[in-house]
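Peer 1: My questions all concern the structure below.
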Amino acid sequence: MTSLSPLQAPFLKMITLLPERADVGRFPFDRFAHLLDDEFSLSFERPVTFLVGDNGTGKSTILEAIAGLCGFNPGGGSSDHLLDRSVERGPSLLAEALRPSWLPKVSKGFFFRADTFAEVAGYIDEVGSPAVQGGQQLDLQSHGEAFFAVFAERFGTRERCMYLLDEPENALSPSRQLAFLRLLREWEQSGNAQMIIATHSPILMSYPGAVILAFDGATIEPMEYEDTEHYRVTKGFLSNPERYYSELFSDEGASS
């Protein structure tokens, strides 16, 4: 593995839970109660890290807490996006209970949330120039087009940046996901961008050299790409969809 300069990504090296600040009975700590007795910490060893796992395993909760550590708006956007949207307090409580290890501290970048991106795009339109977004307002573009306009045109890698993305595949077709891999490579090669991405997309998590952290509801562990459920289920289905149909629809004859 190629060694990285200490001033190149990843900048956020580790997050560690401070048990004295964790209220086990409150959200979101109750979601991670099984980890609180084990001096919970996560390390980030490469510029690109994927958080993967089933729904409800805590990926988005951890990502939102990291956004809080970066100083980003918890509703999405960057540190200078002052949204009116009311955001639940829970993830901020987790951020306050985490101790980050930075080298160096980075507060520039962007937090992408699929559920609030339309509002963030509207805010960017209000305070920015449409020329920066390809000459067209973001709210007049499709979700995927607006996503690319923000990341490919508005944000760059001349300064150190943190890019946190929560299920970006919701905005992207399969071909756009492949194009996004090229954008990730440009950011990584600059040495000025660290990306932490929660995803269900086997296309995105295939990115070469990335670290995959798998959430299963009981542990958070590094995992090889081909060992993820996303890869195994997708490959198995595409190789033999009839077998899956047979299992999924096996009770139709009995119920008719």
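The values are calculated or read from the model by the stated rules, or taken from the named source; none is laboratory data. Keep in mind that what you see is a predicted model, and the values were worked out from it rather than measured. Virtual Cβ from ideal backbone geometry, glycine too; neighbours counted across all protein chains shown. Ligands, DNA and RNA are stripped out before the accessible areas are found, and what is left, the full protein with its side chains, is counted by its heavy atoms. Shrake-Rupley method; radii C 1.70, N 1.55, O 1.52, S 1.80 Å.
Peer 1: Can you send over the solvent-accessible area of Arg176, 1.4 Å probe, protein chains only, in Å² to the nearest 10?
Peer 2: 90
Peer 1: Enumerate by residue number the GluC sites (Glu not before Pro) in the stretch 155-256 meeting two conditions: DSSP loop (anything except H, G, I, E, B), and at most 12 other Cβ atoms within 10 Å of the site's Cβ. Working shown, then result.
Peer 2: Values: sites: Glu159, Glu169, Glu186, Glu188, Glu224, Glu226, Glu229, Glu242, Glu247, Glu252; in loops: Glu159, Glu224.
Loop-located and lightly packed - Glu159, Glu224.
Peer 1: 7 Å from Cα along Cα→Cβ at both Arg176 and Arg232: what's the point-to-point distance in nm?
Peer 2: So the label points at Arg176 and Arg232 sit 3.1 nm apart.
Peer 1: Could you please report the charge total around Phe112, scoring K, R as +1 and D, E as -1 over all other residues with beta-carbon less than 10 angstrom from its beta-carbon?
Peer 2: Details: positive: Arg113; negative: Asp166, Glu167.
Counting the neighbours of Phe112, the net charge comes to -1.
Peer 1: Hey, another quick one. So if each residue of separation counts as 0.36 nm, and I subtract the Cα-Cα distance between Glu39 and Leu7, what length gain in nm does that give? Intermediate results must be reported in sequence, preceding the final value.
Peer 2: Working: separation 32, 0.36 × 32 = 11.52 nm, distance 2.73 nm.
Residue separation times 0.36 nm, minus the Cα-Cα distance, leaves 8.8 nm.
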